[in-house]
Amino acid sequence: MEERKIEIKLSGVRKKYKLGSINRRTLQADIQSRWARLRGKEDPNLKIGVDDRHFGETIYALDGIDLTIYKGERVGIIGANGAGKSTLLKLLSQVTAPTEGEIDLFGRVSSMLEVGTGFHREMTGRENIYMNGAILGMSRAEIDAKMDDIIEFSEIGEFIDTPVKRYSSGMYVKLAFAVAAHLNSEILIMDEVLAVGDMAFQKKCLDKMREAAEDEGKTILYVSHNMNTIRRLCRRVIVLNKGKIVFDGDTEEGISAYINFGNSENETHIDLSDKIHSGKRQKTGFRAETLELCDKVSAIYTPEESLKLRIGLDLEKPFSGVRFRLTLRTGDDIGIGTAWTEAMDFESAGKHVFEAELPLEMIAAGSFFVSIGFYRQDEIGRNIPLDHVTRAFKIEVIGSPSWDKNSQGYVRLCFKNSDI
C-alpha cells in the first residue's frame, strides 16, 4: 500500500489575542485610553454605553491544534462564528504567525481569505495575474502559458485590462478564484468567498476544486457555512469550537456533529451565556442571558401549540427601535422560516424580560434548530445585530405530516402579540 504524503502538519498550535489593547485607533488615542485606565478613569475615546470590561483580556482563537492533512484531500472546516476557522486559514496562509506550536507546509499555498485579498487595486486584472504568479515563484513564461485559461474561466475577459478597483465584488471573486485555481500551487485555501458569486459560478468553482484534487493532486481546504457545498466538495470535515477541534472525520458525521453540538434534545431552560453569540455584544451593551420555553417540560410540540419564549435581558443603557428575530432551520441546516417582531423600546438600563409567542400551525413534523437575535435598524434601514445566538435551542414538532426534503420552502412566520 502506497504511503500517503503529508501536505500540512500542525503540532500544538495556539494563537493568542489581547482584546482591544492596541491598534484600535490612532497611537495618540491608544495612549490616552491606556493612561485613563491606569488612573482608574473612564476611557475618553469610548462611545457612551460601550462595555470596557473585556479590553485587555487574553483569548485563544486557536487552543492546542494538532492536525495532519494529506496530499489530494478535500477538507471542509466548519464551526460557529468565532470558532477559529478564519484564524486557522490565516496561519496556514502565513498571513500571521502562531503564538505557540509548529506549522509545516510541504507545498506552495494559494488562498482566497476574503474578496480582493492579494490584489492591488490600481493594477489591472492582467497585471494582478502576473503579480500573483510571481509571488508563487512562477516565471513569466509559465504565467503566459496559463493566462488564456485563467481569463476564460473568470468570465470577465472584456474587463481584464481594467483596474480591479472598478470591479464588482462578484468580478473580484471570479478573477481571484481563477488565479488561485490555475497557478502552480499544491495547497488551495478558500474561506467562504464563493458565497459572493452567482450560483452557476459557484458550481463551476466546486467542480474545478474537485478536479484539481482528483486529477492534479492539489490539497483543498474549504471553509463555508453552506453545508450543501461542503457535502458536494469535501470528503473529510473538521469541526472547530472555541479554538479546539471537536470532530475530524467523515463529512456527513461532521455536519451532524456541528449541527447538534451544544444542543440538548429537551432543554426548556437555557443559559445563553453558554452559547456562542455572534457580533460584539460586549460593545453594544445588550445581552440575552437566559431563555425559557414556557409551559413545557420538554421541547416537543404539536402544530396546534405555540412556541412561547421568555428571554432574560441585561441592558447597560436604554434602547429604542429594537426588533426580535427568530429563525427555524432543519437538521440539514436548511432555512424553513423567519419571524420578526415590531420595533420596541426598552426605556431603562438593567434587567428586562422579553416574551414572544410563535404559532406552529404552519410547521410540519420534524426537528428544528432555533436561532434568536435582537436587532436595531441603522439610518439606511439595515438590521444591525445587538445580540444573536445561532442554534440557541432545538424543538421537535410531532402529529402532522413531515416535510418532503424536495418540497421545503421558506415561510414568513408571524408572532402573536405579546407583552414586553
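Residues that are of a type outside the set (Phe, Trp, Tyr) and modelled with pLDDT under 80 number at least 2 in the following strands (runs of 3 or more DSSP E) confined to region 344-420: 411-413. Of all residues in region 171-193, those being of a type in the set (S, T, N, Q) and crowded, with 20+ Cβ neighbours inside 10 Å number 1. For the residues Glu305, Glu347, Glu361, the requirement of being over 27 Å from Ala80 (Cα atoms) and free of Cβ contacts under 8 Å to residues at least 40 places away in the same chain singles out Glu347.
Yes or no, residue by residue, for (1) within 27 Å of Asp104 (Cα to Cα); (2) touching a strand residue (DSSP E or B) at 6+ places or on another chain (Cβ under 9 Å):
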{"position": "Arg140", "(1), (2)": "no, no"}
{"position": "Met147", "(1), (2)": "no, no"}
{"position": "Phe153", "(1), (2)": "no, no"}
{"position": "Val164", "(1), (2)": "no, yes"}
{"position": "Ser169", "(1), (2)": "no, no"}
{"position": "Ile189", "(1), (2)": "yes, yes"}
{"position": "Glu214", "(1), (2)": "yes, yes"}
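Any chance region 92-101 includes a residue that's within 20 Å of Arg236 (Cβ to Cβ) and touching a residue at least 12 places away in the same chain (Cβ under 8 Å)? Checking region 92-101: at least one residue is within 20 Å of Arg236 (Cβ to Cβ) and touching a residue at least 12 places away in the same chain (Cβ under 8 Å).
In the set Lys174, Lys165, which member is free of Cβ contacts under 8 Å to residues at least 60 places away in the same chain and under 23 Å from Ile77 (Cα atoms)?
On the way: Lys165 fails: under 23 Å from Ile77 (Cα atoms).
Just a single option satisfies the conditions, and that option is Lys174.
Among residues belonging to region 209-225 that are touching a Lys or Arg at 6+ places or on another chain (Cβ under 8 Å) and in contact (Cβ under 8 Å) with a residue 40 or more places away in the chain, point out the one that is surrounded by the most Cβ atoms within 10 Å (Cβ to Cβ). Only one residue tops the list, namely Thr219. Only one entry of Arg34, Arg39 meets the criterion of being closer than 16 Å to Lys18 by Cα, at pLDDT 65 or above and out of contact with any strand residue (DSSP E or B) (no Cβ under 7 Å at 6 or more places or on another chain), and that entry is Arg34. Got a sec? Which of Leu91, Leu62 is over 27 Å from Gly217 (Cα atoms) and either in contact with a strand residue (DSSP E or B) (Cβ under 8 Å, 6 or more places away or on another chain) or assigned by TED's automatic domain parsing to the domain that holds Gly170 (or both)? Exactly one of Leu91, Leu62 is over 27 Å from Gly217 (Cα atoms) and either in contact with a strand residue (DSSP E or B) (Cβ under 8 Å, 6 or more places away or on another chain) or assigned by TED's automatic domain parsing to the domain that holds Gly170 (or both), namely Leu62.
Summed over region 147-170, residues that are among the aliphatic types (A, V, I, L, M), surrounded by 19 or more Cβ atoms within 10 Å (Cβ to Cβ) and more than 20 Å from Met209 (Cβ to Cβ) total 1.
Residues in region 79-123 that are hydroxyl-bearing (Ser, Thr, Tyr) and under 23 Å from Gly254 (Cβ atoms) were compared, and the one that is surrounded by the fewest Cβ atoms within 10 Å (Cβ to Cβ) is Ser86. When Gly337 is tested against (1) modelled with pLDDT of 90 or more; (2) assigned to a strand (DSSP E or B), only condition (1) is not met.
Does Arg231 count as over 18 Å from the mean Cα position of the chain (by Cα) and surrounded by fewer than 21 Cβ atoms within 10 Å (Cβ to Cβ)?
Details: over 18 Å from the mean Cα position of the chain (by Cα): no; surrounded by fewer than 21 Cβ atoms within 10 Å (Cβ to Cβ): yes.
Judged against the criteria, Arg231 is not a match.
The residue that is modelled with the highest pLDDT, counting only those in region 124-135 that are within 30 Å of the chain's Cα centre (by Cα) and surrounded by fewer than 17 Cβ atoms within 10 Å (Cβ to Cβ), is Met131.
Among the residues of region 272-304, which ones are modelled with pLDDT under 70 and in a helix (DSSP H, G or I)? It would help to see each step written out before you state the result.
Within region 272-304, the first condition is being modelled with pLDDT under 70, and the residues that meet it are 274-282.
The answer is Asp274, Arg281, Gln282.
Picking from Leu175, Leu188, Leu221, which residue would you name as being outside any loop (DSSP other than H, G, I, E, B), over 26 Å from Ala141 (Cα atoms) and of a type in the set (A, V, I, L, M, F, W, C)?
On the way: Leu175 fails: over 26 Å from Ala141 (Cα atoms); Leu188 fails: over 26 Å from Ala141 (Cα atoms).
Only one candidate passes the filter, namely Leu221.
The values are calculated or read from the model by the stated rules, or taken from the named source; none is laboratory data. Here the structure is a predicted model, which is why all the values come from computation and not from measurement. So basically every Cβ, Gly included, is an ideal-geometry build from the backbone, and we count neighbours across all protein chains shown.
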